[in-house]
Amino acid sequence: MKRFTPELLERFGSVDDKIADAASEEWERTHQAYVTHLKSIRPQLPRPLRQMLRRFCLHDAKVLTLAHDERPFFSIFLKIDKPSDPLDRFLELNYRLARAPKFVRPKSTQQGEKPFGWWLYDEVDVLKEEPVPVFLHSILFTGGWELQLFFFDMTYSRLRKILFPKDDLDEECQIEELEDDSTMAGLMKDCSR
């Protein structure tokens, strides 16, 4: 992350008012600079990415899973907190990678924070324009981990339901029977409600 670094986020949440206030002012300047930068590169971004940035606020989305294939694809499944449209509750982001994803380990991990549990902040940039554009999506997760995705293109899909095996039970989701298949209801849990 060039702008919204784990260190800035840590200072922003400091119990020392001087440190937190200074970080808050820096955060505001950083945010304005990033918004200006994003406006300048928006026309170069892939259309699905522009649509996603306009339509969704991914801040504080719950990360359900990250998936990387042998083919050059990387997917992120998210549960959006308080979407404006109920059909936007679950998203899959799918990136066609230009190179392997890079995970940046935090210098220090916040105690009690689950790594990759929640999407905190993200930054988008254009790395290379010609002959084939390459883009960077840097994502800061809880636990201080950063994921850097170098990609040619991306898509997103709204998902109606997400199913998890019973042994991955999460206190936020209850096992509920699926309307269509009672056999599957015994094997899976539905977190779409």
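Against the list (1) part of a loop (DSSP other than H, G, I, E, B); (2) in contact with a Pro (Cβ under 6 Å, 6 or more places away or on another chain), the condition F74 fails is (1). Contact map, the stretch 21-37: first residue in contact (Cβ under 8 Å) with a residue 24 or more places away in the chain, second residue open to solvent by 50 Å² or more (accessible area, probe 1.4 Å), Cβ cut-off under 6 Å, separation 6 or more or different chains; pairs are T30/R3; Y34/R3. Among residues of the stretch 50-73 that are closer than 18 Å to Y34 by Cβ, those with a Cβ under 7 angstrom from a residue that is assigned to a loop (DSSP other than H, G, I, E, B), sequence gap 6+ or separate chain, pair up as F56/I80; D60/D81. When F74, F4, F12, F56 are screened for being closer than 21 Å to G143 by Cβ, among the aromatic types (F, W, Y) and modelled with pLDDT of 90 or more, only F74 passes. Annotation: K62 fulfils all but one of (1) touching a strand residue (DSSP E or B) at 6+ places or on another chain (Cβ under 7 Å); (2) loosely packed, with under 13 Cβ neighbours inside 10 Å; the unmet one is (2).
Scanning the stretch 77-91 for residues that are in a helix (DSSP H, G or I) and open to solvent by 40 Å² or more (accessible area, probe 1.4 Å) returns P86, L87.
Going residue by residue through the stretch 92-101, is there one that turns out to be within 25 Å of R158 (Cβ to Cβ), of a type in the set (D, E), open to solvent by 30 Å² or more (accessible area, probe 1.4 Å) and part of a strand (DSSP E or B)? Yes, there is a match, as at least one residue in the stretch 92-101 is within 25 Å of R158 (Cβ to Cβ), of a type in the set (D, E), open to solvent by 30 Å² or more (accessible area, probe 1.4 Å) and part of a strand (DSSP E or B).
The residues of the stretch 65-76 that are surrounded by fewer than 19 Cβ atoms within 10 Å (Cβ to Cβ) and under 16 Å from D122 (Cα atoms), listed by number, are L66, S75. Restricting P131, P106 to those that are open to solvent by less than 40 Å² (accessible area, probe 1.4 Å), assigned to a loop (DSSP other than H, G, I, E, B) and out of contact with any Cys (no Cβ under 7 Å at 6 or more places or on another chain) reduces the list to P106.
The values are calculated or read from the model by the stated rules, or taken from the named source; none is laboratory data. Every value quoted in this text rests on a predicted model; they were computed, and no experiment measured them. Neighbour counts run over all protein chains shown; Cβ positions are idealised from the backbone, glycine included. Just the protein is used for accessible areas: all its heavy atoms, side chains included, with ligands, DNA and RNA removed. Shrake-Rupley method; radii C 1.70, N 1.55, O 1.52, S 1.80 Å.
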